[in-house]
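The values are calculated or read from the model by the stated rules, or taken from the named source; none is laboratory data. Just so we're clear, the structure is a prediction, and the values are computed from it rather than from any experiment. Positions of Cβ are generated from backbone atoms using ideal geometry, with glycine treated the same way; all protein chains shown enter the neighbour counts.
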Amino acid sequence: MKLISSIKELKNDLALERLENKSIGFVPTMGALHEGHISLVKRCISENDICVVSIFVNPTQFNDKNDLKTYPRTPGKDYALLTSAGCRYVFAPSENEMYPEPDTRNFDFGYITQVMEGAHRPGHFNGVAQIVSKLFEAVNPDKAYFGEKDFQQIAVIRAMVKQLNFPVNVIACPILREPDGLAMSSRNVRLTPVNRQKAPLIARTLKESVNFASNKSVKEITNYVINTLNDEPSLRVEYFEIVDKDTLEPVTNWAQTTHPVGCIAVYCGDVRLIDNITYKN
Ligand code: AMP
């Protein structure tokens, strides 16, 4: 595995790989890697000749400066995990390498960035589009892998790829969970031991709500999820919305879409967790 921190060196190396007709897969991350990330890396390795993983805690996507400051950073463990997974290149640039000048670009992807995460984390998706577009330009991958844990992010990346004409195939990968159901997240290590015990209630409640959905209205299911979680003193629901998978428009009636997805953000103590679940296929 080769560790690279300069865009120029990365482009040079990947140009040589392309001369040999190698296909290039890419997994962007912010590090503090866990098995969820590694599932994307393994899929990337299985579907491409070369796997590139980036590790960069992107300041422009953090609307909460304390979240940026406390975001876990574990470079040594990350490199060990990526080496044993079989990753070929790790791109871990400095902030100055990615942003030699402030990025003043303002993207407009319309409705999909105005709801849920977009409404509660102002500027977040603009920062995501800034960094992912820069990374796509540096790596120029054939395929890029994103986790459905960040459900709305995938819709935003697809819109960005269309708007900027990136020749990249965006691949959505399923959520990996801890044995107790909690969606794996780099932020889970910030949960206190007591809150770590409470956090699986989020996934459990979502799963139960799917079992109830066949004879309940969307409104009833929404209230059930919000009330069950808010009844637990360690949890505070920021939003729970059942939306159409592609348009992210709110679903008010199950018949309205073939693919409703319930998306949630919950504070567990001071740690903000997100998760989502599909109601039908
Ligand atoms: P992050 O480092 O949190 O920005 O995540 C990097 C990529 O890994 C994103 O595409 C995430 O959606 C994905 N990811 C994070 N957690 C999980 C998980 N539990 N299962 C699957 N993918 C994940």
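Answer with yes or no whether TYR145 is among the aromatic types (Phe, Trp, Tyr) and either surrounded by fewer than 21 Cβ atoms within 10 Å (Cβ to Cβ) or away from the ligand (no atom under 16 Å from the Cβ) (or both).
Criteria not met by TYR145.
Considering (1) surrounded by fewer than 20 Cβ atoms within 10 Å (Cβ to Cβ); (2) farther than 24 Å from LEU40 by Cβ, say which one THR278 fails and leave the rest.
Result: THR278 passes all but (2).
Being within 16 Å of the ligand (Cβ to nearest atom) and of a type in the set (Gly, Ala, Ser) is the filter here, so list the residues in the range 5-46 that pass it.
GLY25, GLY31, ALA32, GLY36, SER39, SER46
Can you tell me which residues in the range 31-56 are more than 13 Å from the chain's Cα centre (by Cα), surrounded by 21 or more Cβ atoms within 10 Å (Cβ to Cβ) and within 16 Å of ASP142 (Cβ to Cβ)?
VAL41, CYS44, ILE50, CYS51, VAL52, VAL53, SER54
Check THR205, THR222 and return the single one that is more than 16 Å from the ligand (Cβ to nearest atom), of a type in the set (Val, Ile, Thr) and touching a strand residue (DSSP E or B) at 6+ places or on another chain (Cβ under 7 Å).
THR222 is the lone residue from the list that is more than 16 Å from the ligand (Cβ to nearest atom), of a type in the set (Val, Ile, Thr) and touching a strand residue (DSSP E or B) at 6+ places or on another chain (Cβ under 7 Å).
Can you tell me which residues in the range 163-177 are in a loop (DSSP other than H, G, I, E, B), within 11 Å of the ligand (Cβ to nearest atom) and either of a type in the set (A, V, I, L, M) or closer than 20 Å to ARG73 by Cα (or both)?
Correct list: ILE175, LEU176.
Out of curiosity, is GLU97 in contact with a Ser or Thr (Cβ under 8 Å, 6 or more places away or on another chain) and not aliphatic (A, V, I, L, M)?
When the stated conditions are applied, GLU97 passes them.
So ASP67 ticks every box in (1) surrounded by fewer than 12 Cβ atoms within 10 Å (Cβ to Cβ); (2) modelled with pLDDT under 95; (3) not β-branched (Val, Ile, Thr) but one. Which box is left unticked?
(1)
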